[in-house]
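Shown next, in structure tokens, is the structure this report addresses.
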């Protein structure tokens with residue numbers, strides 16, 4: 001099983017990154033959007049991975065934090081929660097926030113995640129309570145400072161962000177509204193990662 005990949009960030013197209021190892025092999029890895037936002041082109045990265053095998057594909061999911069991967073693995077053990085839904089959950093909230101909402105039995109917080117209705121949220125609250133209680137996560141609330149990666153045309157940046165959100169289950173209109181709200185703050189976003197981060201902050205309040 002592939003558990004950890006260390007290499008240079010060769011290519012970024014949200015939410016997928018290609019990591020080129022020293023041996024010359026490039027791995028396409030799909031990440032939760034907060035983890036994706038921490039990557040920088042042509043910089044070294046260490047990514048904890050989960051190797052997912054299906055009948056029609058072999059996929060790699062990646063995480064900057066090993067404990068985030070631990071939470072992902074607990075999520076996909078739950079009946080009805082596939083890898084895509086688990087990624088959407090970890091894109092919408094951090095492991096610490098997820099654990100907090102489960103402990104507080106906050107059904108409303110979970111139903112804001114795309115693809116999770118009331119019944120699914122209720123089941124998640126029950127099943128995750130035991131699965132997450134022994135996983136220690138960083139609850140400090142501190143986020144790493146993001147640096148711009150590569151200047152892109154504004155239209156391309158917006159299209160990449162919208163595509164990434166839709167691939168994780170957000171509706172097109174919802175993604176567009178969040179992007180618009182992020183841009184209305186007056187900040188200039190010249191790269192995908194910075195706009196993604198701002199858009200996720202908007203979505204977390206929906």
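From the list 157, 145, which one is buried (at least 19 other Cβ atoms within 10 Å of the Cβ), modelled with pLDDT under 85 and over 30 Å from residue 80 (Cα atoms)?
None of the others qualify; the one that does is 157.
Tell me, yes or no, whether the range 10-29 has at least one residue that is free of Cβ contacts under 8 Å to residues at least 40 places away in the same chain, surrounded by 17 or more Cβ atoms within 10 Å (Cβ to Cβ) and under 11 Å from the mean Cα position of the chain (by Cα).
no
Residues checked against (1) outside the structural domain of residue 21 (by TED's automatic domain parsing); (2) touching a helix residue (DSSP H, G or I) at 6+ places or on another chain (Cβ under 7 Å):
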{"residue": "42", "(1), (2)": "no, no"}
{"residue": "78", "(1), (2)": "yes, yes"}
{"residue": "81", "(1), (2)": "yes, yes"}
{"residue": "87", "(1), (2)": "yes, no"}
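Going by what's in this entry, would residue 72 be described as crowded, with 19+ Cβ neighbours inside 10 Å and modelled with pLDDT of 90 or more?
When the stated conditions are applied, residue 72 passes them.
Go through the range 100-109 and report how many residues are modelled with pLDDT of 90 or more and either closer than 21 Å to residue 30 by Cβ or surrounded by 17 or more Cβ atoms within 10 Å (Cβ to Cβ) (or both).
2
Taking the range 36-65, which residues are under 14 Å from residue 90 (Cβ atoms) and at pLDDT below 90?
36, 37, 38
Does the range 85-101 include one or more residues that are on the phi < 0 side of the Ramachandran plot, outside any loop (DSSP other than H, G, I, E, B) and touching a strand residue (DSSP E or B) at 6+ places or on another chain (Cβ under 6 Å)?
No - not one qualifying residue is present in the range 85-101.
Go through the range 75-84 and give me each residue that's part of a helix (DSSP H, G or I) and under 16 Å from residue 121 (Cβ atoms).
75
Restricting to the range 184-199, what's the tally of residues that are over 16 Å from the mean Cα position of the chain (by Cα) and either modelled with pLDDT under 80 or within 18 Å of residue 34 (Cα to Cα) (or both)?
7
The values are calculated or read from the model by the stated rules, or taken from the named source; none is laboratory data. All values reported here derive from a predicted model rather than from experimental measurement. Glycine also receives a Cβ, built like all others from the backbone with ideal geometry; neighbour counts cover every protein chain displayed.
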